[in-house]
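Okay, structure first, notes after.
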Amino acid sequence: MNMDSQHSDLQAVFTDLRSGVVPAMSTEELASQISSAINCSLHILLQSPHSMTSEDTEMTGMFLTLTGKIISTLSSKSLPGDVHVFYDEAMKKLFGASNLTADLVCLMNCQDRMLSHLAAKCMASFVMYDINNSIGSDPVWKTAFTETFQSSAPNCALDTHLWALTEVIKRILKLDCVNKREILMKLLADFESSLTSLYPKLLFQDSPQHTHAAENDRDSVDLELSVCALLDLVEVLSAARRWHGLCSSIQRLAFLQTSALLHLTLSNMKEFVKKRALLLLKRILVQRAGEEWGFGDNHSNECDEEYCTDLLVMADAVLQEVEAGWLRKFHVKTQASFFGGNKVNVSDGEMKDAVMLRAVSLILIKCLEIKARHVSTQGAQRAFDVQSCLMELLAFLQQQVLQVKAVTHPCSWILVVFADQDDDLIESAKVLITLYLHQRSLSSSDSAACEWGCNPHCHFTLLLRSLSFDHTVLLDFLISDETCFLEYCVLYLKHLRDHWQDFCNACSCIENSTTETHTLSLPHFSEASVKSQLHYDPQFKVVGFRQSLVDYENSDDSEDEDKRLSNLQMSRNDEEPVAEIDMRKAGAQAVSASADTMEKISTASTEGLRGKVVLCLAELRIVISRLHSKGLFPYNPSCLLKLLLAIETKGQLENPTALQLK
């Protein structure tokens with residue numbers, strides 16, 4: 001059959017598949033055409049790979065794509081009965097008598113990255129189809145994968161096999177079936193030994209203590225790509241552990257051999273590999289592994305018995321490396337790198353890679369939190385001092401971020417580092433409260449906390465000031481499920497309620513420290529662009545914070561629009577995810593801000609930071625109360641409202657004329 005005829009037949013099958021009709025050929029003919037085309041390409045690749053034309057490659061790719069599409073469509077069970085039977089029989093012939101599995105394995109080992117990747121996609125689709133129908137009855141692919149992992153040589157074949165296994169696990173995690181956990185356990189058991197040995201071999205290859213460093217640029221590229229493929233697999237394994245309570249030896253690798261990931265960041269590998277390693281560590285520590293792949297909607301959320309212990313082991317390993325000087329050796333590139341590049345065009349000066357700065361900072365403080373919680377439960381608070389580690393982090397940030405001429409308040413570092421990443425910012429603020437409370441058990445001095453940048457009153461006040469004391473942004477944070485702001489807010493407000501004088505002292509300290517002009521160093525901006533005064537400016541907001549989802553100042557309290565939202569069913573609990581809410585409509589239609597809001601803020605400005613904070617929280621309470629009274633708030637805010645009212649009452653008792661809200 002000539003190429004034109006093959007192309008015509010391919011188009012016809014694609015069209016029939018999309019239309020849900022039986023093709024004008026038998027199942028034997030379809031299986032034979034696919035098998036013949038792939039066998040022909042394999043023969044050329046094995047005998048004379050340089051003679052493979054672009055037309056041959058294109059045709060092979062099309063047959064692989066068609067096969068994968070057929071399998072995926074069969075798995076979705078979206079075809080009419082007779083059409084499903086036709087394609088099912090064709091695939092059984094193709095993967096049975098024609099032994100396409102072996103051909104796919106061979107293609108996955110070829111050096112043509114496009115063909116090997118298409119073969120891997122096709123293999124992943126077949127494995128999922130096989131799992132759904134017979135729970136892994138075909139041993140050919142498992143044997144081939146195991147042999148490839150055991151060889152451990154960084155190359156295209158290893159990358160492809162790692163990617164395919166990662167893709168299979170991702171798809172299993174997204175399945176809606178009761179035996180998902182059993183499927184994963186059976187799958188991981190087949191590769192436990194080979195992957196356990198592959199992990200240290202790959203990650204330590206570029207270590208100065210080993211002699212397996214890449215000898216040339218080609219080997220270096222192969223190693224870097226293989227390491228990234230392995231790290232992707234490690235993340236999906238960590239997600240499977242976190243969300244489904246699975247605990248095999250390969251899922252504990254990242255926890256028990258954390259030092260390998262940290263040593264990777266000190267190696268000669270490209271910046272994107274180091275970034276991938278740090279982001280993996282960060283996501284595991286904050287329990288967001290696999291967040292980009294959408295595993296959160298269909299999981300059991302049960303941790304295995306060893307999970308907390310392994311998290312502690314990971315935290316200990318990081319802290320030991322920091323104590324041994326890891327932070328002093330680690331350097332963040334002057335210019336951020338994207339897609340493996342080393343430079344980015346900038347016109348306003350040099351800048352640091354803020355992603356790396358955030359990752360390092362969050363990793364360290366999260367490890368401190370895990371360690372602090374552990375020693376607290378063991379009744380050994382005095383055995384662990386977080387202050388020295390945080391001081392070392394501050395020293396690291398001062399060296400890595402643009403030089404600051406005159407930093408007037410150490411607690412502002414959290415906004416400098418996390419300004420353009422809401423979720424990391426709130427997570428860090430929440431963690432730092434825990435560290436502060438732990439350290440407070442050793443010393444009751446809040447002024448000392450400012451010296452090492454860990455005063456929660458300063459963090460909260462500086463955060464609100466960076467938002468121009470706009471309560472609507474806080475409302476957006478509370479409604480959104482993208483951050484842990486509710487948890488952070490409740491935790492801080494409880495502390496504020498019980499330690500009001502410490503808050504007053506912090507506000508005074510900030511006011512006294514912001515009378516001087518200084519240069520503030522932001523990770524994503526040149527030195528020239530970040531010079532500012534820290535006095536309150538209604539127009540100033542930290543760059544990176546999202547604008548309010550709703551313009552509450554221009555919203556009308558429309559009963560007609562309220563009715564359109566009255567049918568929204570919203571809930572937030574441990575069993576169900578937060579219901580999707582149209583934030584713009586919910587906010588605009590549920591609440592009308594007081595007409596004199598800005599006037600009150602302006603009036604309260606004479607009261608200083610303390611009055612602005614209290615007024616902002618009071619405005620927030622009013623908005624939440626109105627939303628809740630109309631059934632438009634996504635969860636029960638009773639506890640939050642009680643805390644906000646307590647803070648408002650304290651502010652009024654202190655200065656009755658400062659607040660005059662409706």
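No value in this document is a laboratory result; all are computed from the given coordinates. Just so you know, these numbers come straight off a predicted model, no measurement behind them. Methodologically, a virtual Cβ is constructed for each residue, glycine included, from the backbone with ideal geometry; neighbour enumeration extends over all protein chains shown.
Per-structure values
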| quantity | calculated |
| --- | --- |
| Computed magnitude of the charge dipole of the stretch 428-506 (debye, nearest 20; Cβ of K, R +1, Cβ of D, E -1) | 200 |
| For peptides 115-123, 62-70, 36-44, sequence by mean Cβ density within 10 Å, most packed first | 115-123, 62-70, 36-44 |
| Length added when fully stretched, LEU266-TYR635, from 0.36 nm per residue minus Cα-Cα | 128.3 nm |
| Extension gain (nm, one decimal) between GLU302 and ARG328, 0.36 nm per residue minus Cα-Cα | 5.6 nm |
| Relative packing of peptides 639-647, 159-167 - highest average C-beta neighbours within 10 Å first | 159-167, 639-647 |
| Residue-span extension gain [GLN47 to ASN132] - 0.36 nm each, minus C-alpha spacing | 26.9 nm |
| Debye intensity ratio I(q)/I(0), log10, the stretch 1-40, q values 0.19, 0.29 Å⁻¹ (C-alpha model) | -0.54, -1.09 |
| Computed label-point distance, nm, for sites ASN179 and LEU256 using a 7 Å Cα→Cβ extension | 2.9 |
| Paired Rg and Dmax values of the stretch 83-205, which use every Cα atom, in angstrom | 14.8, 51 |
| Subset of LYS494/LYS612; LYS430/LYS630; LYS174/LYS201; LYS77/LYS180; LYS282/LYS494 violating a 23 Å alpha-carbon distance limit | LYS430/LYS630; LYS174/LYS201; LYS282/LYS494 |
| For the stretch 420-498, radius of gyration divided by Kirkwood radius, i.e. Rg to Rh on alpha-carbons | 0.97 |
| Estimated FRET transfer efficiency when R0 is 25 angstrom, pair ARG497-MET391 (beta carbons, to 0.05) | 0.30 |
| Calculated over the stretch 18-120: convex hull of Cα atoms, volume per residue (Å³) | 98 |
